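J.: Before I ask anything, let me first share the structure, which is written out below as structure tokens.
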Amino acid sequence: MRFTILSAGTGWHTERLEAAFSRRGHTARTLPVEALASRMGVLPRMSAGGPGLDGDAAVLVRIVPRGSLEQIVFRMDALHRLEILGIPVVNPPRGLERAVDKSYTSALLEQAGLPTPRTVAAERAEDALAAFELFGDCVVKPLFGSNGNGLVRLSDPDLAHRAFRALEFERAVFYVQEMLPHPGYDVRAFVVGGRVIAAMTRHSPDWRTNLARGGRAAQRDLAPLEEEFALRAAEALGLDYAGVDLMPLPDGRVFVIEVNGSPGWEGLQATTAVDVAGELAGLVIARSRAACRAGVNVA
């Protein structure tokens, strides 16, 4: 069977995914998300940079890069059309749409009964300032973003006022989250197909523990509650695979901080013997075979 990996480029992750499919006797190619094209009445109906996708057994979305509003909407619509054509997409576009928007994610986590920091999302600076007054110590995050980019911690009223007015000038949406007591680390659980296949603790002297910002990773055996929350978070967003960020507090409580629908795993792989790329390839192959049995796959 032939599979396609959609990504913003090639590199460490895509090389390992292609090799994982090959070890299982299948062909996988990496194509650019930005080159997706959808055709009606013309063949191939879907392509990415020339090669047609119509006959693919399944598509694995590695990453959807930044773009204009029109570009992002079109890319998600293209993923939806692949599903309409009977081609399984992992992660499914519905799950990606939920995970990419931090406000939507927070609302779904709360709806699922998962503990998550108190959060206010709004367009008006007045509402953001009211959230700051309520929380005192808070974190302002871009609605869309990852790797800790664009995060600002605010505890000074004057600085908060200036920051919110500057963001208002940029017509930003305010996503203001209470700052939890930080133990100096957080936990990333990697969920694949309804299982936590590996987890790590990310340590940092800074309150931002992202590995991309210099955090240090160590293997972690999840506590039962941490594993439960990670699985429920991925399920709440409808994700086949996910990176779930957890914050265990000194008093024993555990909070779900964020859910990443296109997580990297280079840092995680250094802490575990689990073949993460192999687990992902196995999941995609299983999704394809299930679709074939249901009679909906075009492959």
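J.: Under 7 Å by Cβ, and 6 or more places apart or on different chains, what pairs join a residue from region 64-92 that is outside the structural domain of Phe144 (by TED's automatic domain parsing) with one that is of a type in the set (Val, Ile, Thr) and in a loop (DSSP other than H, G, I, E, B)?
T.: Note: pairs meeting the criteria are Arg75/Val64; Leu85/Val298; Gly86/Val296; Gly86/Val298; Ile87/Val298.
J.: What is the one condition in (1) touching a strand residue (DSSP E or B) at 6+ places or on another chain (Cβ under 9 Å); (2) over 29 Å from Gln269 (Cα atoms); (3) part of a loop (DSSP other than H, G, I, E, B); (4) not small (Gly, Ala, Ser) that Met40 does not satisfy?
T.: Among (1) touching a strand residue (DSSP E or B) at 6+ places or on another chain (Cβ under 9 Å); (2) over 29 Å from Gln269 (Cα atoms); (3) part of a loop (DSSP other than H, G, I, E, B); (4) not small (Gly, Ala, Ser), the lone unmet condition for Met40 is (1).
J.: Please state which one of Gly67, Gly113 is in a loop (DSSP other than H, G, I, E, B) and over 19 Å from the mean Cα position of the chain (by Cα). Before you say what the answer is, go through the steps one by one.
T.: Working: Gly67 fails: over 19 Å from the mean Cα position of the chain (by Cα).
From the options Gly67, Gly113, the qualifying one is Gly113.
J.: While we're here: Scan region 121-133 for residues that are among the aliphatic types (A, V, I, L, M) and touching a residue at least 24 places away in the same chain (Cβ under 8 Å) and jot them down.
T.: If we filter region 121-133 for residues that are among the aliphatic types (A, V, I, L, M), which is where we start, we get 121-122, 125, 128-131.
Across region 121-133, the qualifying residues are Ala121, Ala122, Ala125, Ala128, Leu129, Ala131.
J.: Restricting the search to region 143-181, which residues are within 13 Å of Thr119 (Cα to Cα), within 19 Å of the chain's Cα centre (by Cα) and surrounded by fewer than 19 Cβ atoms within 10 Å (Cβ to Cβ)?
T.: Leu143, the sole residue that qualifies.
J.: OK, next. Take the conditions at pLDDT 95 or above, of a type in the set (A, V, I, L, M, F, W, C) and within 30 Å of Gly252 (Cβ to Cβ) and apply them to Ala57. Does it pass? Break it down stepwise before answering.
T.: Details: at pLDDT 95 or above: yes; of a type in the set (A, V, I, L, M, F, W, C): yes; within 30 Å of Gly252 (Cβ to Cβ): no.
Spelling it out, it is not the case that Ala57 is at pLDDT 95 or above, of a type in the set (A, V, I, L, M, F, W, C) and within 30 Å of Gly252 (Cβ to Cβ).
J.: Of the residues in region 203-231, how many are modelled with pLDDT under 95, under 21 Å from Thr116 (Cα atoms) and within 17 Å of the chain's Cα centre (by Cα)?
T.: The qualifying residues number 2.
The values are calculated or read from the model by the stated rules, or taken from the named source; none is laboratory data. Please read these numbers as outputs of a predicted model, since none were measured by experiment. Cβ atoms come from the backbone with ideal geometry, glycine included; neighbour counts cover every protein chain shown.
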